[in-house]
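Read the structure below first, then the notes.
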(Lines give C-alpha, C1' and ligand atoms only; values in the text may rest on other atoms or scores of the structure.)
Protein backbone atom coordinates (compact mmCIF):
# COMPACT_ATOMS: atom_id res chain seq x y z
CA UNK A 1 0.00 0.00 0.00
CA UNK A 2 2.81 2.41 0.88
CA UNK A 3 4.62 1.59 -2.37
CA UNK A 4 1.39 2.12 -4.32
CA UNK A 5 0.85 5.56 -2.76
CA UNK A 6 4.46 6.46 -3.45
CA UNK A 7 4.17 5.48 -7.11
CA UNK A 8 0.85 7.32 -7.49
CA UNK A 9 2.26 10.49 -5.97
CA UNK A 10 5.45 10.25 -8.02
CA UNK A 11 3.69 9.65 -11.35
CA UNK A 12 1.29 12.53 -10.80
CA UNK A 13 4.03 15.02 -9.94
CA UNK A 14 6.93 14.02 -12.17
CA UNK A 15 7.89 16.22 -15.09
CA UNK A 16 7.80 13.80 -18.00
CA UNK A 17 9.24 16.34 -20.42
CA UNK A 18 12.47 16.32 -18.41
CA UNK A 19 12.52 12.52 -18.48
CA UNK A 20 11.91 12.46 -22.24
CA UNK A 21 14.82 14.87 -22.73
CA UNK A 22 17.23 12.90 -20.54
CA UNK A 23 16.43 9.33 -21.70
CA UNK A 24 17.84 9.66 -25.26
CA UNK A 25 21.04 11.22 -23.88
CA UNK A 26 21.44 8.32 -21.43
CA UNK A 27 20.81 5.85 -24.25
CA UNK A 28 23.43 7.51 -26.46
CA UNK A 29 25.95 7.35 -23.62
CA UNK A 30 25.35 3.69 -22.82
CA UNK A 31 25.50 2.52 -26.41
CA UNK A 32 28.67 4.56 -27.06
CA UNK A 33 30.60 3.27 -24.05
CA UNK A 34 29.54 -0.32 -24.76
CA UNK A 35 32.43 -1.97 -26.59
CA UNK A 36 30.29 -5.01 -27.55
CA UNK A 37 32.33 -7.53 -25.63
CA UNK A 38 31.13 -9.96 -23.00
CA UNK A 39 32.57 -8.03 -20.06
CA UNK A 40 32.20 -4.25 -20.18
CA UNK A 41 33.05 -2.67 -16.84
CA UNK A 42 31.92 0.84 -17.69
CA UNK A 43 28.61 -0.16 -19.29
CA UNK A 44 27.37 -2.33 -16.42
CA UNK A 45 28.63 -0.01 -13.69
CA UNK A 46 26.87 2.88 -15.40
CA UNK A 47 23.63 0.86 -15.50
CA UNK A 48 23.86 0.34 -11.74
CA UNK A 49 24.47 4.04 -11.15
CA UNK A 50 21.56 4.91 -13.44
CA UNK A 51 19.11 2.75 -11.49
CA UNK A 52 20.31 4.15 -8.17
CA UNK A 53 20.35 7.76 -9.40
CA UNK A 54 16.87 7.50 -10.86
CA UNK A 55 15.58 6.08 -7.58
CA UNK A 56 17.18 8.99 -5.68
CA UNK A 57 15.66 11.39 -8.20
CA UNK A 58 12.22 9.89 -7.57
CA UNK A 59 12.53 10.27 -3.80
CA UNK A 60 14.03 13.78 -3.97
CA UNK A 61 11.23 14.99 -6.29
CA UNK A 62 8.71 14.23 -3.51
CA UNK A 63 10.53 16.18 -0.80
CA UNK A 64 9.50 19.74 0.01
CA UNK A 65 12.67 21.85 -0.32
CA UNK A 66 11.36 25.06 1.17
CA UNK A 67 13.94 24.56 3.92
CA UNK A 68 16.66 25.47 1.39
CA UNK A 69 15.52 29.08 1.71
CA UNK A 70 16.75 29.13 5.30
CA UNK A 71 20.11 30.81 5.70
CA UNK A 72 21.36 28.32 8.29
CA UNK A 73 20.72 25.39 5.92
CA UNK A 74 22.53 27.11 3.07
CA UNK A 75 25.41 27.97 5.40
CA UNK A 76 25.91 24.37 6.49
CA UNK A 77 25.65 23.04 2.94
CA UNK A 78 28.46 25.40 1.98
CA UNK A 79 30.55 24.46 5.03
CA UNK A 80 30.10 20.75 4.28
CA UNK A 81 31.18 21.37 0.70
CA UNK A 82 34.33 23.22 1.79
CA UNK A 83 35.11 20.59 4.43
CA UNK A 84 34.75 17.72 1.95
CA UNK A 85 37.20 19.44 -0.39
CA UNK A 86 39.68 19.96 2.45
CA UNK A 87 39.40 16.29 3.48
CA UNK A 88 40.62 15.35 0.02
CA UNK A 89 44.10 16.65 0.82
CA UNK A 90 44.35 14.11 3.64
CA UNK A 91 42.33 11.09 2.51
CA UNK A 92 41.79 11.74 -1.20
CA UNK A 93 42.76 9.22 -3.85
CA UNK A 94 44.82 10.32 -6.83
CA UNK A 95 43.42 9.54 -10.28
CA UNK A 96 44.84 10.89 -13.55
CA UNK A 97 47.12 13.19 -11.59
CA UNK A 98 44.34 14.82 -9.52
CA UNK A 99 43.57 14.18 -5.86
CA UNK A 100 39.83 14.52 -6.44
CA UNK A 101 38.23 11.35 -5.11
CA UNK A 102 37.21 9.87 -1.76
CA UNK A 103 37.46 6.09 -2.08
CA UNK A 104 34.93 4.09 -0.03
CA UNK A 105 35.80 0.70 -1.45
CA UNK A 106 32.67 -0.24 -3.38
CA UNK A 107 32.38 3.25 -4.82
CA UNK A 108 34.22 6.56 -5.04
CA UNK A 109 32.82 10.04 -4.51
CA UNK A 110 33.99 13.30 -6.06
CA UNK A 111 33.25 16.22 -3.68
CA UNK A 112 33.66 18.76 -6.50
CA UNK A 113 30.31 17.61 -7.93
CA UNK A 114 28.55 18.35 -4.63
CA UNK A 115 30.26 21.76 -4.58
CA UNK A 116 28.58 22.69 -7.88
CA UNK A 117 25.14 22.09 -6.38
CA UNK A 118 26.11 23.82 -3.13
CA UNK A 119 27.26 27.00 -4.88
CA UNK A 120 24.05 27.11 -6.95
CA UNK A 121 21.95 26.95 -3.79
CA UNK A 122 24.11 29.53 -2.00
CA UNK A 123 24.05 32.02 -4.89
CA UNK A 124 20.31 31.50 -5.42
CA UNK A 125 19.75 32.34 -1.76
CA UNK A 126 22.16 35.30 -1.83
CA UNK A 127 20.82 36.90 -5.01
CA UNK A 128 17.16 36.17 -4.24
CA UNK A 129 17.32 38.82 -1.50
CA UNK A 130 19.66 41.20 -3.32
CA UNK A 131 18.73 41.09 -7.00
CA UNK A 132 17.60 44.71 -6.84
CA UNK A 133 20.98 45.70 -5.35
CA UNK A 134 23.13 43.55 -7.65
CA UNK A 135 24.41 46.70 -9.38
CA UNK A 136 26.25 47.38 -6.14
CA UNK A 137 29.71 45.90 -6.73
CA UNK A 138 29.93 44.83 -3.06
CA UNK A 139 27.50 41.96 -3.70
CA UNK A 140 29.52 40.86 -6.71
CA UNK A 141 32.67 40.75 -4.57
CA UNK A 142 30.99 38.87 -1.70
CA UNK A 143 29.37 36.30 -3.98
CA UNK A 144 32.66 35.98 -5.86
CA UNK A 145 34.49 35.28 -2.61
CA UNK A 146 32.13 32.39 -1.83
CA UNK A 147 32.73 30.92 -5.29
CA UNK A 148 36.48 31.59 -5.21
CA UNK A 149 37.01 29.49 -2.09
CA UNK A 150 35.49 26.46 -3.82
CA UNK A 151 37.26 27.34 -7.07
CA UNK A 152 40.67 27.50 -5.34
CA UNK A 153 40.22 24.25 -3.40
CA UNK A 154 39.21 22.40 -6.56
CA UNK A 155 41.87 24.05 -8.72
CA UNK A 156 44.79 23.01 -6.51
CA UNK A 157 43.74 19.31 -6.54
CA UNK A 158 44.32 20.00 -9.50
CA UNK A 159 40.95 19.74 -11.29
CA UNK A 160 40.83 22.64 -13.71
CA UNK A 161 37.64 21.40 -15.43
CA UNK A 162 35.46 21.40 -12.30
CA UNK A 163 37.02 24.66 -11.11
CA UNK A 164 36.07 26.22 -14.45
CA UNK A 165 32.46 25.06 -13.97
CA UNK A 166 32.34 26.70 -10.52
CA UNK A 167 33.48 29.96 -12.11
CA UNK A 168 30.97 29.68 -14.97
CA UNK A 169 28.10 29.00 -12.54
CA UNK A 170 29.01 32.09 -10.51
CA UNK A 171 29.51 34.27 -13.59
CA UNK A 172 26.28 33.06 -15.19
CA UNK A 173 24.19 33.60 -12.06
CA UNK A 174 25.65 37.07 -11.60
CA UNK A 175 24.63 37.88 -15.18
CA UNK A 176 21.04 36.65 -14.83
CA UNK A 177 20.72 38.51 -11.54
CA UNK A 178 21.06 41.88 -13.28
CA UNK A 179 24.73 42.77 -13.68
CA UNK A 180 25.39 46.20 -15.21
CA UNK A 181 27.50 46.59 -18.36
CA UNK A 182 30.10 48.58 -16.43
CA UNK A 183 30.53 45.83 -13.87
CA UNK A 184 30.58 43.24 -16.66
CA UNK A 185 33.56 45.03 -18.23
CA UNK A 186 35.31 45.14 -14.85
CA UNK A 187 34.70 41.40 -14.37
CA UNK A 188 36.09 40.55 -17.80
CA UNK A 189 39.19 42.65 -17.07
CA UNK A 190 39.54 40.97 -13.68
CA UNK A 191 39.20 37.56 -15.31
CA UNK A 192 41.98 38.39 -17.77
CA UNK A 193 44.19 39.51 -14.89
CA UNK A 194 43.50 36.33 -12.90
CA UNK A 195 44.36 34.23 -15.97
CA UNK A 196 47.71 35.98 -16.28
CA UNK A 197 48.43 35.32 -12.61
CA UNK A 198 47.44 31.66 -13.02
CA UNK A 199 49.60 31.30 -16.11
CA UNK A 200 52.78 32.73 -14.64
CA UNK A 201 52.50 31.55 -11.02
CA UNK A 202 49.97 28.74 -10.47
CA UNK A 203 49.38 26.61 -13.57
CA UNK A 204 51.39 23.39 -13.72
CA UNK A 205 53.45 22.65 -16.83
CA UNK A 206 51.01 20.00 -18.10
CA UNK A 207 48.13 22.49 -17.74
CA UNK A 208 50.06 25.07 -19.77
CA UNK A 209 50.77 22.37 -22.33
CA UNK A 210 47.05 21.73 -22.72
CA UNK A 211 46.43 25.39 -23.52
CA UNK A 212 49.38 25.59 -25.92
CA UNK A 213 48.33 22.36 -27.62
CA UNK A 214 44.83 23.76 -27.89
CA UNK A 215 46.30 26.57 -29.99
CA UNK A 216 48.39 24.17 -32.08
CA UNK A 217 47.69 20.44 -31.48
CA UNK A 218 49.98 19.37 -34.34
CA UNK A 219 53.03 20.75 -32.54
CA UNK A 220 53.33 17.65 -30.32
CA UNK A 221 51.06 15.09 -31.93
CA UNK A 222 52.73 12.12 -30.21
CA UNK A 223 52.81 13.77 -26.80
CA UNK A 224 50.65 16.46 -25.22
CA UNK A 225 48.68 17.03 -28.44
CA UNK A 226 47.77 13.37 -28.93
CA UNK A 227 44.36 13.51 -27.22
CA UNK A 228 43.26 16.69 -28.99
CA UNK A 229 44.37 15.37 -32.38
CA UNK A 230 42.67 11.97 -32.00
CA UNK A 231 39.48 13.69 -30.82
CA UNK A 232 39.41 15.88 -33.93
CA UNK A 233 40.03 12.83 -36.14
CA UNK A 234 37.14 10.98 -34.48
CA UNK A 235 34.66 13.82 -34.92
CA UNK A 236 35.70 14.50 -38.50
CA UNK A 237 35.66 10.85 -39.56
CA UNK A 238 31.99 10.54 -38.61
CA UNK A 239 31.01 12.69 -41.61
CA UNK A 240 27.24 12.84 -42.29
CA UNK A 241 25.84 9.52 -41.06
CA UNK A 242 28.73 8.10 -39.04
CA UNK A 243 30.51 4.76 -39.23
CA UNK A 244 27.74 2.91 -37.42
CA UNK A 245 27.27 1.81 -33.82
CA UNK A 246 30.17 -0.37 -32.76
CA UNK A 247 32.31 0.54 -35.78
CA UNK A 248 34.10 3.60 -34.48
CA UNK A 249 37.72 2.73 -35.15
CA UNK A 250 39.24 5.53 -33.04
CA UNK A 251 37.56 4.39 -29.84
CA UNK A 252 37.32 0.64 -30.50
CA UNK A 253 40.99 0.38 -31.47
CA UNK A 254 42.03 2.55 -28.49
CA UNK A 255 43.40 5.44 -30.53
CA UNK A 256 40.99 7.76 -28.70
CA UNK A 257 41.71 7.75 -24.92
CA UNK A 258 39.00 7.92 -22.27
CA UNK A 259 36.24 7.58 -24.87
CA UNK A 260 33.77 6.60 -22.15
CA UNK A 261 34.32 9.83 -20.16
CA UNK A 262 36.33 12.85 -21.36
CA UNK A 263 35.94 12.12 -25.09
CA UNK A 264 32.58 10.42 -25.28
CA UNK A 265 31.26 13.14 -27.59
CA UNK A 266 34.05 12.43 -30.08
CA UNK A 267 33.36 8.68 -29.92
CA UNK A 268 29.64 9.32 -30.41
CA UNK A 269 30.24 11.69 -33.34
CA UNK A 270 32.41 9.11 -35.08
CA UNK A 271 29.73 6.43 -34.90
CA UNK A 272 26.62 8.59 -35.44
CA UNK A 273 27.94 11.35 -37.67
CA UNK A 274 26.56 14.86 -38.13
CA UNK A 275 22.94 13.66 -38.01
CA UNK A 276 23.46 11.94 -34.66
CA UNK A 277 25.26 14.99 -33.26
CA UNK A 278 22.38 17.20 -34.38
CA UNK A 279 19.90 14.92 -32.57
CA UNK A 280 22.08 15.01 -29.45
CA UNK A 281 22.23 18.82 -29.58
CA UNK A 282 18.42 18.96 -29.88
CA UNK A 283 18.06 16.70 -26.81
CA UNK A 284 20.34 18.90 -24.72
CA UNK A 285 18.66 22.02 -26.05
CA UNK A 286 15.26 20.69 -25.06
CA UNK A 287 16.57 19.71 -21.62
CA UNK A 288 17.95 23.21 -20.98
CA UNK A 289 14.77 24.80 -22.35
CA UNK A 290 12.62 22.69 -20.04
CA UNK A 291 14.75 23.53 -17.00
CA UNK A 292 14.48 27.24 -17.76
CA UNK A 293 10.71 26.89 -18.28
CA UNK A 294 10.33 25.27 -14.86
CA UNK A 295 12.56 27.92 -13.30
CA UNK A 296 10.42 30.70 -14.78
CA UNK A 297 7.36 29.23 -13.03
CA UNK A 298 9.05 29.20 -9.62
CA UNK A 299 7.00 30.50 -6.71
CA UNK A 300 9.77 32.78 -5.41
CA UNK A 301 12.94 34.37 -6.68
CA UNK A 302 14.96 31.64 -4.98
CA UNK A 303 13.34 28.92 -7.10
CA UNK A 304 13.83 30.99 -10.26
CA UNK A 305 17.53 31.51 -9.59
CA UNK A 306 18.09 27.90 -8.53
CA UNK A 307 16.56 26.63 -11.76
CA UNK A 308 18.63 29.04 -13.82
CA UNK A 309 21.73 27.95 -11.91
CA UNK A 310 21.06 24.31 -12.77
CA UNK A 311 20.58 25.27 -16.43
CA UNK A 312 23.87 27.20 -16.37
CA UNK A 313 25.66 24.21 -14.83
CA UNK A 314 24.46 21.81 -17.55
CA UNK A 315 25.14 24.34 -20.31
CA UNK A 316 28.65 24.93 -18.98
CA UNK A 317 29.41 21.21 -18.91
CA UNK A 318 28.04 20.80 -22.42
CA UNK A 319 29.90 23.77 -23.90
CA UNK A 320 33.25 22.90 -22.31
CA UNK A 321 33.05 19.16 -23.08
CA UNK A 322 31.99 19.58 -26.71
CA UNK A 323 34.39 22.50 -27.11
CA UNK A 324 37.41 20.49 -26.01
CA UNK A 325 36.35 17.56 -28.22
CA UNK A 326 36.31 19.73 -31.34
CA UNK A 327 39.33 21.89 -30.38
CA UNK A 328 37.41 25.03 -29.53
CA UNK A 329 38.59 24.81 -25.92
CA UNK A 330 41.62 23.32 -24.11
CA UNK A 331 41.41 19.74 -22.82
CA UNK A 332 40.08 19.93 -19.25
CA UNK A 333 38.95 16.36 -18.53
CA UNK A 334 35.31 17.34 -18.07
CA UNK A 335 32.47 14.85 -18.54
CA UNK A 336 29.21 15.27 -20.46
CA UNK A 337 26.14 15.18 -18.12
CA UNK A 338 23.94 12.05 -18.36
CA UNK A 339 26.17 10.65 -21.13
CA UNK A 340 29.71 10.16 -19.81
CA UNK A 341 30.60 7.38 -17.43
CA UNK A 342 30.71 8.55 -13.81
CA UNK A 343 28.48 7.84 -10.84
CA UNK A 344 29.00 11.02 -8.82
CA UNK A 345 28.20 13.38 -11.68
CA UNK A 346 25.19 11.28 -12.70
CA UNK A 347 23.84 11.18 -9.15
CA UNK A 348 24.24 14.92 -8.55
CA UNK A 349 22.70 15.68 -11.96
CA UNK A 350 19.61 13.66 -11.08
CA UNK A 351 19.46 15.20 -7.59
CA UNK A 352 19.50 18.67 -9.19
CA UNK A 353 16.59 17.72 -11.46
CA UNK A 354 14.76 16.14 -8.51
CA UNK A 355 15.01 19.35 -6.49
CA UNK A 356 13.81 21.29 -9.53
CA UNK A 357 10.78 19.01 -9.99
CA UNK A 358 9.99 19.29 -6.27
CA UNK A 359 10.10 23.08 -6.47
CA UNK A 360 7.79 23.00 -9.47
CA UNK A 361 5.30 20.81 -7.59
CA UNK A 362 5.32 22.98 -4.48
CA UNK A 363 5.11 26.23 -6.44
CA UNK A 364 1.51 25.36 -7.29
CA UNK A 365 0.54 25.64 -3.64
CA UNK A 366 2.79 28.54 -2.67
CA UNK A 367 1.16 31.44 -0.89
CA UNK A 368 0.40 34.33 -3.21
CA UNK A 369 1.77 36.94 -0.85
CA UNK A 370 5.13 35.15 -0.72
CA UNK A 371 5.30 35.01 -4.48
CA UNK A 372 4.37 38.70 -4.76
CA UNK A 373 7.09 39.67 -2.30
CA UNK A 374 9.98 37.68 -3.79
CA UNK A 375 9.21 36.86 -7.40
CA UNK A 376 11.27 38.68 -10.00
CA UNK A 377 9.89 39.14 -13.48
CA UNK A 378 11.53 37.34 -16.34
CA UNK A 379 12.57 40.58 -18.01
CA UNK A 380 14.47 41.53 -14.86
CA UNK A 381 16.35 38.22 -14.91
CA UNK A 382 17.41 38.32 -18.52
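Scanning the range 38-71 for residues that are without any contact (Cβ under 8 Å) to a residue 40 or more places away in the chain, in a helix (DSSP H, G or I), within 23 Å of residue 120 (Cα to Cα) and out of contact with any helix residue (DSSP H, G or I) (no Cβ under 7 Å at 6 or more places or on another chain) returns a single hit, 55. Selection of the range 243-276 for residues being crowded, with 20+ Cβ neighbours inside 10 Å, in a helix (DSSP H, G or I) and at pLDDT 80 or above yields 264, 265, 266, 267, 268, 269, 270, 271, 272, 276. Residues that are assigned to a loop (DSSP other than H, G, I, E, B), under 24 Å from the mean Cα position of the chain (by Cα) and at pLDDT below 50 within the range 335-382 comprise just one, 382. The set of residues in the range 287-300 being part of a helix (DSSP H, G or I) and either touching a residue at least 24 places away in the same chain (Cβ under 8 Å) or within 18 Å of the chain's Cα centre (by Cα) (or both) consists of 287, 288, 289, 290, 291, 292, 294, 295, 296.
Total residues in the range 89-113 satisfying the condition of being in a helix (DSSP H, G or I) and touching a helix residue (DSSP H, G or I) at 6+ places or on another chain (Cβ under 6 Å): the figure is 3. Just wondering, is there one or more residues in the range 288-298 that are surrounded by fewer than 24 Cβ atoms within 10 Å (Cβ to Cβ) and modelled with pLDDT under 90? Checked the range 288-298: at least one residue is surrounded by fewer than 24 Cβ atoms within 10 Å (Cβ to Cβ) and modelled with pLDDT under 90.
Residue-wise test of (1) in contact with a strand residue (DSSP E or B) (Cβ under 7 Å, 6 or more places away or on another chain); (2) in contact (Cβ under 8 Å) with a residue 60 or more places away in the chain; (3) under 29 Å from residue 40 (Cβ atoms).
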| site | (1), (2), (3) |
| --- | --- |
| 264 | no, yes, yes |
| 272 | no, yes, yes |
| 285 | no, no, no |
| 302 | no, yes, no |
| 307 | no, no, no |
| 341 | no, yes, yes |
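Just wondering, is there one or more residues in the range 62-75 that are over 22 Å from residue 293 (Cα atoms), surrounded by 13 or more Cβ atoms within 10 Å (Cβ to Cβ) and within 22 Å of the chain's Cα centre (by Cα)? Yes, some residue in the range 62-75 is over 22 Å from residue 293 (Cα atoms), surrounded by 13 or more Cβ atoms within 10 Å (Cβ to Cβ) and within 22 Å of the chain's Cα centre (by Cα).
The values are calculated or read from the model by the stated rules, or taken from the named source; none is laboratory data. Remember, predicted model here, so these are calculated numbers, not experimental data. Counting neighbours? That spans all protein chains shown, and the Cβs are built from the backbone with ideal geometry, glycine included.
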